[in-house]
Amino acid sequence: MIWKSVAHLITMPLTHIINTSLKTGEFPERLKIAKIIPIHKKKERDIIENYRPICILPIMAKVFEKIFLKRFKDFIDQENILPDTQYGFRNKCSTKDGIFDALLYIENNKENKQSSTAILKDLSQAFDTCSHKKLLFKCSHFGIRGIPLLWIESYLSKRFFYTKIDDTCSEKEQIENGVPQGGILSPVLFNVYVADYCHAITDKTIQFADDTSDIIYSESIHDMTNKLIQNYKTAKLYFEDLNLKLNTAKTEIVNFSRNDLPSIDLQGERITPSDKARFLGIVIDRKLTFKPHIETIIRKLNAQIPTVFYIRQYLNLESKYLYYFAYIHCHIVYSAWFIQKAKHKDILLLEIAHKRLIKILFMKPKRTPTMTLFSELNLLSIRNIIYLECCCQAHRIFYKQSPTTLQQYFERSNYSNRFLLRHSNDANCTANNFAIIFNQLPNETRGTRSKSLFKSMIRKAVQLR
């Protein structure tokens with residue numbers, strides 16, 4: 001608020017300072033000091049591991065970063081520096097796209113009579129341990145040279161931090177490694193740092209910044225075991241060369257075939273394949289039913305009931321809608337592309353939890369009919385949310401507004417605004433499900449290129465059903 005109130009006074013001098021920084025390749029020294037505030041996470045308060053360090057950077061530093069980032073990302077996209085399998089902090093990419101890519105890939109392997117296994121890797125303190133020297137070398141290797149490279153070097157070097165607890169501050173200490181926690185530029189720099197990971201690994205890779213997962217296919221359990229061991233060994237050597245450490249204890253393996261995998265020895269750590277694991281915010285299970293994830297959503301919704309009972313009396317109607325979209329609706333939207341595969345009975349349980357919480361929040365009678373409830377509140381039911389989100393994703397893919405990794409699983413007709421269906425033995429094939437949903441829309445709706453207009457048309461249609 002203070003910066004906004006004096007914006008008319010500081011615009012000209014700030015513009016001059018930023019332009020000078022970009023021309024000379026120097027990042028202001030006073031903007032390199034980070035304040036660390038430890039936040040208690042769990043258990044005993046006298047054990048340092050039970051605290052999470054929160055890094056607070058100067059607000060003005062973020063202005064410099066944001067302006068440089070715009071030019072930096074344009075160059076990265078223009079030169080295709082990042083692989084298509086990197087979904088983190090990129091335009092038109094999200095964690096959901098990464099999950100969707102993995103789902104389509106696993107199903108495609110299944111159609112080709114091949115088993116798939118995912119190995120979900122965990123990097124310990126990845127942003128804090130990357131080498132400045134090696135990061136600058138990577139930037140130079142990818143063509144980032146001259147003043148932009150000097151600016152990045154200045155941005156990374158001679159950084160300091162201090163810790164503040166209550167009113168007490170520690171002495172400043174210099175930061176020797178890592179990209180600044182909380183920095184706008186940091187995730188993109190890290191993406192560049194690990195941009196060639198997919199070339200080191202021969203298997204399918206899904207990355208979201210420092211979240212790294214590989215999907216391995218094989219026709220036999222023995223071959224799969226050997227491939228998993230080789231994959232982990234190669235990945236470990238790659239990350240060690242970059243001063244990054246794989247946490248074997250937190251590595252998870254999920255086997256998507258009918259045959260069970262034995263426990264696997266990964267660099268001295270025995271890993272037993274799991275039936276489910278958390279993957280980019282989704283609980284993915286070996287049968288791809290997404291039942292465990294639906295159960296997770298239901299638990300989250302039910303956990304809110306006591307809070308909603310208490311706060312609803314203090315909220316006006318507008319605040320109730322804000323609460324709904326911030327804490328309830330978001331869980332459904334994020335999962336919609338995947339839970340469309342779920343069984344009817346599992347979605348029904350989610351619908352019950354969803355309606356119960358809405359009735360409590362908006363103080364509606366328990367026996368309010370479903371149609372009346374959603375019509376009066378102008379909200380969508382679970383099934384309509386899933387339908388709307390799936391339609392919008394199919395639209396993105398059809399008009400090539402989604403990552404190219406997703407478009408390879410779909411084929412467009414040359415004669416009409418339709419997808420061609422795949423020849424699949426799986427009646428619940430995700431690619432075909434999305435294609436059918438899109439093909440069944442009216443021709444006028446399918447021909448609408450605008451994302452916002454398309455979404456508005458679908459929303460109106462489902463509200464009339």
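The values are calculated or read from the model by the stated rules, or taken from the named source; none is laboratory data. Worth saying up front: this structure is predicted, and the values here are computed from it rather than measured. Here the Cβ is made from the backbone with ideal geometry for all residues, glycine too, and neighbour counts use every protein chain on show. Side chains are part of the model used for accessible areas, which takes the heavy atoms of the whole protein and leaves out ligands, DNA and RNA. Shrake-Rupley method; radii C 1.70, N 1.55, O 1.52, S 1.80 Å.
Tell me, what ³J(HN,Hα) does each residue in segment 203-208 have, in order and in whole Hz, if you take phi through Karplus 6.51 cos²θ - 1.76 cosθ + 1.60 with θ = phi - 60° and put x for Gly and Pro?
8, 5, 10, 10, 10, 9
Under 5 Å between amide H atoms, partner at least 5 residues away or on a different chain: which partners does F142 have, H built in plane at 1.01 Å?
none
Output wanted: per-residue J couplings in Hz (rounded whole) for segment 350-358, from phi through Karplus 6.51 cos²θ - 1.76 cosθ + 1.60, θ = phi - 60°, x for Gly and Pro.
So the J values, rounded to whole Hz, are 5, 4, 4, 5, 5, 5, 4, 5, 5.
Let me know the shape class of segment 107-171, please: from the alpha-carbon gyration tensor, a ≥ b ≥ c as square roots of the eigenvalues, rounded when a/c is under 1.5, otherwise prolate if a/b is greater than b/c, or oblate.
On the way: a/c = 4.64, a/b = 1.58, b/c = 2.93.
Here segment 107-171 falls in the oblate category.
Sort W3, W151 by accessible area with a 1.4 Å probe, largest first. Present the calculation step by step, with values, prior to reporting the outcome.
Numbers: W3 120, W151 5 Å².
Largest accessible area first, the list is W3, W151.
Per residue, how large is the accessible surface of the chain? Use a 1.4 angstrom probe and give square angstrom.
Values: 24940 Å² over 465 residues.
Per residue, the chain has 54 Å² of solvent-accessible surface.
Kindly provide the trypsin sites (Lys or Arg not before Pro) of segment 135-187 that DSSP labels as loop, not H, G, I, E or B, and whose Cβ sees at most 15 other Cβ atoms within 10 Å.
Working: sites: K138, R145, K158, R159, K164, K172; in loops: R145, K158, K172.
Qualifying residues, ordered by number: R145, K158, K172.
Helix-only mean residue ellipticity at 222 nm, the chain, DSSP H runs n ≥ 4 weighted -39,500 (n - 2.57), per residue, nearest 500. What is it?
Details: 21 runs with 228 residues, N = 465.
Mean residue ellipticity at 222 nm (helix-derived): -15000 deg cm²/dmol.
Express the C-alpha Rg of segment 305-352 as a ratio against the empirical globular expectation 2.2 N^0.38 Å, rounded to two decimals. All intermediate terms of the calculation are to be shown ahead of the outcome.
Numbers: Rg = 13.6 Å, N = 48, 2.2 N^0.38 = 9.6 Å.
Cα Rg divided by the expected 2.2 N^0.38 Å: 1.42.
Please name which of P187, H329, I119 has its Cα lying farthest along the dipole of the chain towards the positive end, using unit charges on Cβ (Lys, Arg +1; Asp, Glu -1) and the Cα centre as origin.
H329
From the phi angles alone, apply the Karplus equation (6.51, -1.76, 1.60; θ = phi - 60°) to segment 26-41 and give each ³J(HN,Hα) in whole Hz, x where the residue is Gly or Pro.
10, 9, x, 4, 6, 8, 9, 9, 9, 9, 9, 10, x, 10, 5, 9
Could you pull out the GluC sites (Glu not before Pro) across segment 115-193 that fall in loop regions by DSSP (anything but H, G, I, E, B) with no more than 14 other Cβ atoms inside 10 Å?
Working: sites: E153, E171, E173, E176; in loops: E171, E176.
Counting only loop positions with at most 14 other Cβ atoms within 10 Å, the GluC sites (Glu not before Pro) in segment 115-193 are E171, E176.
Going down the table (K92/K291; K66/K227; K62/K204; K236/K276), which pairs top 31 Å between alpha carbons? Don't skip to the answer; put the middle values down first.
Values: K92/K291 28 Å; K66/K227 42 Å; K62/K204 35 Å; K236/K276 23 Å.
Flagged as over cut-off: K66/K227; K62/K204.
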